[in-house]
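Below: one structure, written as structure tokens.
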Amino acid sequence: MKKAINQSTLTTILNLGSICTLLFLLFLIISYSDVSRRLEVANENRFELTYNANRFMNGSAYLTNEVRAYAATGSQAHYDNYWNEINNLKNRDIGVATMQEIGITADEQAMIDGMYSLSNQLVPLEEQAMEQVQAGEQEAAIDYVYGTEYNDSITKINALKEQFLETLDARTLEEVESLNNTSDRIQLLMVLALVMVGMFQIITMLIIRMRILRPVIAVKNQMGEISQGNLSAEFSWNSDTSEIGMLVASIHETKGELKKYITDIDHKLSEMAQGNMDLAISNSYRGEFLPIQNAMRQILDGLNDALSRIRQTALAVSNESQRMASGAQTLSDGAVQQASAVEELSAGIQDISGQVGRTSEDADMARKSAEETDAQLKVCSEKMDALSTAMVDISESSSQINGIIKTIEDISFQTNILALNASVEAARVGAAGKGFAVVANEVQQLAAKSAESAKDITDLIVNSVRLIQYGTSLSKETTTALLNVVSSSKQSAELVEQIAESAQQQAESLRQLTEGMENISAVVQTNAATAQESASSAQELNQQAEKLQAAVQHFQLRR
């Protein structure tokens, strides 16, 4: 990462520079105030020194002027003024004391002492001159105060005065000028400090704008783009070791992490959308993204578990639907065959019923014929003797007829059992239809037996008629036998009546059996249609199960 000074350090340095400059400016202001005060004091001292120096000099000149005026005029006022200055005003002493209090140099003090010495030397001379005036020697006094010695002393004093004033003025002027120069330098430094403060502030403002505000605005805009979900927005700022650089690095890292998470989630979801569930969720998620990682792992685990169970269930459903379709098809085929067999059985029973009906009608006609025969035999009683032998044959035939009747009774009994079995099988037809084949076989056997019995009955009846005709031809010769025939004929009529009744009962039973078979046929037809529909539904279920299995096979699950 590129090395860069921290913004906080840079702003701290600039602020410290500004603070130091401001402190220096404050020091300059204090110094300027002190120099200004000192300059003011220096100017005042210069004035006071000059004033007191002039006061000292004026005091000396005042004494000289008063002495000369008194010598010239002899006026007492000048005399008094002189001594008033010496004794009361003391301008010279006050001026010197004030200058000493303000401060003078040793050279200046030496010049004052010299002027004092010269003045003190003049005092006795001035007193002598004033005494001369008082003594009336005014001319001598004038000569003295205007004389060479006195003028030389005055000249020396004035020279010292001039020198003193020049020295004092030069010294005080130099001090004032030095303070003025110092004040000017301080003012210049103050201006420079102000300029430096302004420059520091401008530099700070520019640095804050360039190094802080612009990056912060760029970071704000970039964070706005990130908050809108735009992770591909251009962000040209480079990271460095400064605070803003670290923030930029954090944004780059955040965008990289978000892109990595989004890319990983997009890849996983794309693979899941394409059916690939054999995926592993990496452990590279951090922070608040850990719940997403856990949720994706739970989703993958849940989908693998659910799709695995669906695949197993689809396979089981497919296998069961295949077996169900096969069984339903077998059941449909069996139901169709059963319906066909039941229809054939119903048709056979209807034929048997018709034959039994016709047998009943024939038995009824035989009964009527037997009755007529009995009437005729009664009329032809005279021929009974001739018919006795024939009636014996009829009796034998009647024995055979009894056997046939017994057979018919057995058929009736078995038919009733068959009807019962047919009812039971009708209740169980939904489970299997094999029982109807057995019933149909039994009914066919019973039909065969009934046909044979009917044939035997027909043959016997034919033989009976033949024998009766033969007996009729012999009735004239066998009256006794005819009586026996009449008795046998009565028995035959009773038997024929019983046969007719049995035939009627058998016809009724067969009718009921026919109705039951029709009901069974309807049920079997319904079962056959239902079986076909079940076979079709099972086939459709098998196809849907295969489609479900194929759809589940699209997903690639974990082992």
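The values are calculated or read from the model by the stated rules, or taken from the named source; none is laboratory data. Just so you know, these numbers come straight off a predicted model, no measurement behind them. No Cβ is skipped: glycine too gets one built from the backbone with ideal geometry, and neighbour counts run over all protein chains shown. The area values use the complete protein model at the heavy-atom level, side chains included, leaving out ligands, DNA and RNA. Shrake-Rupley method; radii C 1.70, N 1.55, O 1.52, S 1.80 Å.
Computing the accessible area with a 1.4 Å probe over protein heavy atoms, can you report the carbon and sulfur percentage for the stretch 201-310? C and S atoms contribute 59 percent here. For the peptides 533-541, 263-271, 174-182, residues were scored by their other Cβ atoms within 10 Å and the scores averaged per peptide; the highest-first order is 533-541, 174-182, 263-271. As a calculated quantity, the FRET efficiency between Thr105 and Asn230 at R0 = 51 Å, using C-beta atoms, amounts to about 0.05. Using equal-weight Cα scatterers in the Debye expression, the normalised intensity of the stretch 1-151 in log10 at q = 0.12, 0.21 Å⁻¹ is -0.67, -1.20.
Taking amide H as placed 1.01 Å from N in the peptide plane, the amide H of Asn276 sits under 5 Å from that of Gln556, each at least 5 places away or on another chain.
Under 28 Å Cα-Cα from Lys406, which lysines qualify once same-chain neighbours fewer than 8 residues away are excluded? Answer for Lys406, where 28 Å is the Cα cut-off: Lys368, Lys449, Lys455, Lys490, listed by chain and number.
Considering all projection directions equally, how large on average is the shadow of the alpha-carbon convex hull of the stretch 158-274, in square nanometres? Averaging across all directions leaves 10.6 nm² for the Cα convex hull. Applying the Kirkwood pairwise sum to the alpha-carbon positions of the stretch 216-284 produces a hydrodynamic radius of 13.8 angstrom. Cross-link reach is defined here as a Cα-Cα straight distance under 27 Å, omitting same-chain residues fewer than 8 places apart; for Lys156 the lysines meeting it are Lys90.
Considering every alpha-carbon pair of the stretch 99-193, the percent of pairs per 10 Å bin, from zero through the bin containing the longest distance, is 14, 28, 20, 17, 10, 6, 4, 1. The residues of the stretch 1-46 present an accessible area of 65 Å² per residue when probed at 1.4 Å with all protein chains retained. By accessible area, using a 1.4 Å probe on protein heavy atoms only, the stretch 51-108 has 46% of its surface on carbon and sulfur. If you plug the beta carbon distance of Thr263 and Ile202 into 1/(1 + (r/R0)^6) with R0 = 56 Å, you get a FRET efficiency near 0.75.
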